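The values are calculated or read from the model by the stated rules, or taken from the named source; none is laboratory data. This is a predicted model, so every value here is computed, not measured. Cβ placement follows ideal geometry from the backbone for every residue including glycine, while neighbour counts extend to all protein chains displayed. Just the protein is used for accessible areas: all its heavy atoms, side chains included, with ligands, DNA and RNA removed. Shrake-Rupley method; radii C 1.70, N 1.55, O 1.52, S 1.80 Å.
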Amino acid sequence: MIPAPKKIKQYVKEFPLAGLYRFHFLSGGHDPILPKLASDIEKRLQHVSKYYEVDPRTKIDIVLNLQPFPSKKPDGYYELEVSPGFFALNAESIAGMNYAARTLMQHLYINRANQDEDSFALLPRISVKDWPTYQWRGMHLDVSRHFYDHNFVKKYLDWMVGLKFNRFHWHLSDDQGWRLESKRFPLLHEKGSWRTESDGSKYGGHYSLRQIKSVLKHARLRGIEVIPEIDIPGHSMAILAAYPELACFPREFEPMNVWGISEDILCAGKDETIEFLKELFTEIAELFPGQYIHLGGDEAPKQRWKECPHCQKRMRDNGLKDEEALQAWLVKTLATHLKKLGKTVIGWDEILDGGIDSKPVVMAWRGDGIDAARMAHDNGNKYILTPYTKLYFDARCHKLDKIGTHQIIFWSDVLGFSFQEYTFENPKLLLGAQGNVWTEHLTNVRDLREKVSGRMFPLAERLWNGDGEIDVQDFWMMASTLNWIL
Ligand SMILES: [Zn+2]
């Protein structure tokens, strides 16, 4: 299975698989989510069962037991018992229940060939106790460079939970487009979500609040936390297209129709920019129920700030030694604001450059991420690994692959990913890792699926089980068997 369960006991004895499932719920609070979860599980079990010849007259009782365990367990812990006529899924969280179900589905699928010609399908009895090694098992999706609609995003969440990922980092704004309906600042989606391509055509789109909420519901049912990213102060041409007065030197801006970095960024000197950002992030915080909000912070050239009287005044007033320190001041101002709303801020590793306190979580992305991870660690910040040279899934998959960035990251490189290099004196600061999927080169679902599918399997394994020996060939065979998950 992928990821491999930590403890699995497989019995020699097999039993014939029945044709009907009958669900039972045990839950302290009668959580209304259980029937929904069960119907989702049933749908998928039926999908997997298509590969079997089963006895339609017999039934299997499936018990979903969503209750606290008597003793303390790691987040995401679950137990699964598969025995004749009776499957038991035990978990104390929605996420854990999903993992139990996914392990069950993989077990059914992997044994589908286990069929005697003259009788019904046989299934080995198993007993599983399982939990993840890393708590941040993330996948990222850039919907700014190319827009992927909310139905696809739900499918992406299905792929994720299929491999027991639990954090969806949704890159909702960038120079090339704003993708979120804003009640407070409607020009963001009205103006900022459409760009004029070089041939004169219009490209864009955004999610309505209703669509966002339906994605959030989909995620909750799968135990996935959604982390919205609004990238500031750089990568913000779509915001400036809507509200040009937030720039150091206002003029007419358009969402960019080429890739790269813009010199124009949000002005950190003007009070109206700070007020705008506080209100905007308040709106985001109210919409997204999770703990984290990502405010970008990457690739923000400081030329405008050097020339801007407002920015220079802000620096003088606050005793900030340079423009990097001004960015750190901005991050701190927003992090303090968001903390009052119960949120923790995440930023790309550039936020460390100007000296920040230890509260924001850092995503280490530059190069192989080791230096950034070290910096975050030494500054006392929690950090997540998203190294450019290792976990950027928009890279080409192999030498003949024509789609993607210029670098090649083989799926076997991802399987070779080791947390050891990023683990220092305090291992608790390392939360986990995630695959980043930027979409400059990924214009459609087919290309995107091709880029992520091969590499999500090994990343899922590493995140669930950490470092250790894995037979590359066996792993590949197993991943091929399970390619229906994506
Ligand atoms: Zn300025």
Legend entry - Hits in region 76-109 - residues which are at pLDDT 95 or above and assigned to a loop (DSSP other than H, G, I, E, B): Gly76, Tyr77
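Gly380: out of contact with any His (no Cβ under 6 Å at 6 or more places or on another chain), over 17 Å from Leu430 (Cα atoms), of a type outside the set (D, E, K, R) and not in a helix (DSSP H, G or I), yes or no? Spell out how you get there, then give the answer.
On the way: out of contact with any His (no Cβ under 6 Å at 6 or more places or on another chain): yes; over 17 Å from Leu430 (Cα atoms): no; of a type outside the set (D, E, K, R): yes; not in a helix (DSSP H, G or I): yes.
No: the conditions fail for Gly380.
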Legend entry - Qualifying residue in region 257-279 (condition: more than 16 Å from the ligand (Cβ to nearest atom), within 26 Å of the chain's Cα centre (by Cα), of a type in the set (A, V, I, L, M, F, W, C) and closer than 27 Å to Leu209 by Cα): no
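Quick one: would you say Glu254 is of a type in the set (D, E, K, R) and over 15 Å from the mean Cα position of the chain (by Cα)? Spell out the reasoning first.
On the way: of a type in the set (D, E, K, R): yes; over 15 Å from the mean Cα position of the chain (by Cα): yes.
The answer is yes for Glu254.
Return a yes/no flag: does region 282-294 have any residue that is within 16 Å of the ligand (Cβ to nearest atom), among the hydrophobic types (A, V, I, L, M, F, W, C), within 22 Å of Phe185 (Cβ to Cβ) and surrounded by 17 or more Cβ atoms within 10 Å (Cβ to Cβ). Reasoning before the result, please.
Going residue by residue through region 282-294, those that are within 16 Å of the ligand (Cβ to nearest atom) are none.
No, that holds for no residue.
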Legend entry - The listed residue being hydrophobic (A, V, I, L, M, F, W, C) and touching a strand residue (DSSP E or B) at 6+ places or on another chain (Cβ under 9 Å), out of Ala433, Ala479: Ala433
Inset, instruction - Could you tell me whether any residue of region 122-130 is at pLDDT below 90, open to solvent by less than 50 Å² (accessible area, probe 1.4 Å) and touching a Pro at 6+ places or on another chain (Cβ under 9 Å)? - result: yes
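Of all residues in region 477-486, which are surrounded by fewer than 17 Cβ atoms within 10 Å (Cβ to Cβ), touching a residue at least 24 places away in the same chain (Cβ under 8 Å) and hydrophobic (A, V, I, L, M, F, W, C)? Explain how you work it out, then say what you get.
Kept after step one, since they are surrounded by fewer than 17 Cβ atoms within 10 Å (Cβ to Cβ), are these residues of region 477-486: 477, 480-481, 483-484.
Then keep just the ones that are touching a residue at least 24 places away in the same chain (Cβ under 8 Å); that gives 481, 483-484.
Correct list: Trp484 only.
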Legend entry - Given (1) under 19 Å from Leu266 (Cα atoms); (2) free of Cβ contacts under 8 Å to residues at least 40 places away in the same chain; (3) part of a helix (DSSP H, G or I), number of the condition Gly354 does not satisfy: (3)
Inset, instruction - Determine whether Glu254 is under 29 Å from Tyr388 (Cβ atoms), open to solvent by 10 Å² or more (accessible area, probe 1.4 Å), within 13 Å of the ligand (Cβ to nearest atom) and not β-branched (Val, Ile, Thr). - result: no
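Looking for whichever is within 30 Å of Leu20 (Cβ to Cβ) and aromatic (Phe, Trp, Tyr) here; the options are Tyr134, Tyr78, Tyr148. Which one fits? Working first, answer last.
Working: Tyr134 fails: within 30 Å of Leu20 (Cβ to Cβ); Tyr148 fails: within 30 Å of Leu20 (Cβ to Cβ).
None of the other options fit; the residue is Tyr78.
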Inset, instruction - Answer yes or no: is there a residue in region 428-443 that is in a loop (DSSP other than H, G, I, E, B), farther than 30 Å from Lys359 by Cα and in contact with a Gly (Cβ under 6 Å, 6 or more places away or on another chain). - result: yes
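Is at least one residue of region 300-316 acidic (Asp, Glu) and more than 27 Å from Arg184 (Cα to Cα)? Steps first, please.
Here is the first cut: in region 300-316, the ones acidic (Asp, Glu) are 307.
Filter once more, keeping what is more than 27 Å from Arg184 (Cα to Cα): 307.
Yes, region 300-316 contains at least one residue that is acidic (Asp, Glu) and more than 27 Å from Arg184 (Cα to Cα).
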Legend entry - Residue list for region 402-420, restricted to those being surrounded by 15 or more Cβ atoms within 10 Å (Cβ to Cβ) and under 29 Å from Asn379 (Cα atoms): Val414, Phe417, Phe419
Inset, instruction - Output the number of the condition that Lys306 fails; it satisfies all remaining conditions of (1) within 16 Å of the ligand (Cβ to nearest atom); (2) surrounded by fewer than 20 Cβ atoms within 10 Å (Cβ to Cβ); (3) not in a helix (DSSP H, G or I). - result: (3)
Legend entry - Residue within region 217-234 that is more than 25 Å from the chain's Cα centre (by Cα) and either within 14 Å of the ligand (Cβ to nearest atom) or part of a helix (DSSP H, G or I) (or both) present: no
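Checking the condition closer than 25 Å to Phe276 by Cβ, open to solvent by 10 Å² or more (accessible area, probe 1.4 Å) and more than 14 Å from the chain's Cα centre (by Cα), which residue from His146, His150, His206 passes? Steps first, answer last, please.
Values: His146 fails: closer than 25 Å to Phe276 by Cβ; His150 fails: closer than 25 Å to Phe276 by Cβ.
Only one candidate qualifies: His206.
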